[in-house]
Amino acid sequence: IPLGVDTDHYRPDNGDRYYAHDCFNIPKDRDIVFYSGHMEPRKGIATIMRAADYMVSHLNRRDVHFLLCGNKNNEEAVYLEMLRYSSAIDHVTFAGYRNDIHKLHRSCRLGVIASSGWDSFTMSSVEMMASGLPMVISRLQGLQETIAENINGFFFEPENWKMFAERIVELLDDQQIHDRFSAASRKRAMERFSVNLQIKQLSTLLVNGAK
């Protein structure tokens, strides 16, 4: 029985289209790429920073903004240092711990998990899918159970920041693919990972086990 998410809480809502932009003074003509999770090296935040630098400084993508949640105790400092001399530093926001993640999702173009070491089947990925976000995810262990490749997201090879950036650009630029992946993410979350479904499956398992 996999992780379950409250699909009523985490859901698309166009009424919050600019919620994150307003919270963090992000220009409304920027598409937001979202990450939430821990900040230790294995989570691949450095890969996200390198992709941000490449996209903004080399591809001149001024229409993108990276929003990362989960930093604490100045953990973001080492990653912002990577962008000290990059114009991408104005296109990255570290938002710390939040209780409004579900509303932030609704302002975002896509969700990412860029882990570079090992990773499990993460709750954040299920939450992003339930909110209708297309996904770009490292091809690692449990993460490979999260999305259906080329249906609601793309995989990329761990630490390959250029491939990572190219996948993001594809979802920024191709509205048809974006919309198809978005609908598929929501559908996948509803059909496979809703908390109500997991309660039903667990109850069935326990009842049958007691017989």
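The values are calculated or read from the model by the stated rules, or taken from the named source; none is laboratory data. Not measured: the values here are computed from a predicted model. Reconstructed Cβ throughout: ideal geometry from the backbone, glycine too, with neighbour counts over all protein chains shown. When the accessible area is computed, the model is the full protein with side chains, heavy atoms only, and any ligands, DNA or RNA have been set aside. Shrake-Rupley method; radii C 1.70, N 1.55, O 1.52, S 1.80 Å.
How high is the relative contact order of the stretch 1-78, given as a whole-number percent (alpha carbon pairs under 8 Å, six or more residues apart)?
In percent, rounded to a whole number, it is 35.
Can you give the relative contact order of the stretch 93-211 as a percent, counting alpha carbon pairs under 8 Å and 6+ residues apart? Mind showing how you got there, number by number?
On the way: 147 pairs, mean separation 28.7, N = 119.
Here the relative contact order equals 24 percent.
Measure nothing but the geometry: give the 0 to 90° angle between the long axis through the Cα atoms of 175-192 and the longest principal axis through the Cα atoms of the chain, rounded to 10°.
30 degrees
Long-range amide H contacts for F66: which residues qualify at under 5 Å (H placed 1.01 Å from N, peptide plane, sequence gap of 5 or more or a different chain)?
Hits under the 5 Å cutoff: V33, V92, T93.
Keeping all protein chains in place, calculate the accessible area per residue for the stretch 1-159 (probe 1.4 angstrom), answer in Å².
Values: 6600 Å² over 159 residues.
Accessible area per residue: 42 Å².
Under 8 Å for C-alpha pairs, at least 6 residues apart: give me the relative contact order for the stretch 100-143, rounded to a whole percent. Intermediate values should be presented prior to the final figure.
Details: 50 pairs, mean separation 21.9, N = 44.
It comes to 50 percent, rounded to a whole number.
Could you sort out which of K162/K187; K103/K187; K43/K187; K28/K162; K103/K162 sit more than 22 Å apart by Cα distance in this structure?
Working: K162/K187 29 Å; K103/K187 19 Å; K43/K187 26 Å; K28/K162 26 Å; K103/K162 29 Å.
Violating the 22 Å Cα-Cα cut-off are K162/K187; K43/K187; K28/K162; K103/K162.
Order the peptides 7-20, 128-141, 25-38 from the highest to the lowest mean number of other Cβ atoms within 10 Å of their residues.
Numbers: 7-20: 15.4, 128-141: 25.0, 25-38: 17.4.
Per-residue mean Cβ counts within 10 Å order the peptides as 128-141, 25-38, 7-20.
When only the heavy atoms of the protein chains count and the probe is 1.4 Å, how do K43, K162 rank by accessible area, highest first?
Working: K43 15, K162 95 Å².
Largest to smallest exposure gives the sequence K162, K43.
Within the stretch 90-110, find all residues whose amide N lies under 19 Å from a label point positioned 7 Å from the Cα of D13 along Cα-to-beta-carbon.
98-110
Give the carbon-plus-sulfur fraction of the accessible surface of the chain in %, rounded to a whole number; probe 1.4 Å, heavy atoms of protein chains only.
49 percent
With n ≥ 4 as the cut-off for DSSP H runs, can you work out [θ] at 222 nm for the chain, using -39500 (n - 2.57) per run divided by the number of residues, rounded to the nearest 500?
Details: 8 runs with 80 residues, N = 211.
Computed ellipticity for the chain at 222 nm equals -11000 deg cm²/dmol.
For helix 195-210, report the angle its Cα long axis makes with the longest principal axis of the Cα atoms of the chain; keep it between 0 and 90° and round to the nearest 10°.
40 degrees
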